[in-house]
Amino acid sequence: MMISLTSPVETRAHGWSAGAKLAALCGATVVLFAQEGLGFHAVVFAACLLVYRLPGGRFFRAGVKGLVALWPFIAVVLVWHLVIGAPVEGLVVVLRLLSAVALANLVTMTTRLSAMIEVVRWLAAPFRRIGVNTRALEIGIALVVRFTPTLADKGAQLAQSWSARSPKKPSWRIVMPFTVLAIDDAEYVAEALKARGGLNR
């Protein structure tokens, strides 16, 4: 099942250029991965939460919900770094992940999907001039944006189901059923695309 990610709560960022927001997101992600300090990442994540809170409680709850869905992955990262004796590095990885996802989610919450696809279409224009069909790329970007939170939610549900049936942590044990669910969704979407003319229209 696909969902729309654009928030109905209007913010100033809704009126900003999609291209500018995506470029800023790329730059911010590069900075996040270039920094290793725990304090730096703690401040960045706190700033992300503050930005979510500014438009009001409804916007904040929707944004945080997208982060809560990451808890199975966060748990695996933290447990692994505790096992290898590197808790600080584990916290850095977790905060970096949360900040990157929070920023990406902020862009999708304040940008229409059609506007993002327009940016991709503009970037792919040189390839169309030499006869390359870029429709697959445009649809692929749209599917990634729409399906990522859905798959994250399914991963969280699998982890909860495992925890309800076993005292052991789910960790890697949910990878196979999660993969099966993802493949099933991919096949469903592929059939829907074929029924609507595929990627050559």
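I need the peptides 81-90, 16-25 ranked by packing, meaning the mean over residues of other C-beta atoms within 10 angstrom, with the highest value on top.
In descending order of packing, they fall as 16-25, 81-90.
Between the stretch 70-117 and the stretch 28-47, what is the C-alpha centre distance in whole Å?
If you average the Cα positions of each part, the centres end up 11 Å apart.
Considering only the other residues whose Cβ falls under 14 Å of the Cβ of S17, what net charge follows from Lys and Arg at +1 and Asp and Glu at -1?
Once all neighbours under 14 Å are counted, the net charge is +2.
For the stretch 1-81, take N as its residue count and report Rg(C-alpha) divided by 2.2 N^0.38 Å.
Ratio of Cα Rg to 2.2 N^0.38 Å: 1.27.
In square angstrom, what is the accessible area per residue of the stretch 23-145 with a 1.4 angstrom probe?
Per-residue value: 56 Å².
The values are calculated or read from the model by the stated rules, or taken from the named source; none is laboratory data. The structure displayed is predicted, hence computed values, not measured ones. We place every Cβ from the backbone using ideal geometry, glycine too, and count neighbours over all the protein chains shown. Heavy atoms of the whole protein, side chains included, go into the accessibility calculation; ligands, DNA and RNA do not. Shrake-Rupley method; radii C 1.70, N 1.55, O 1.52, S 1.80 Å.
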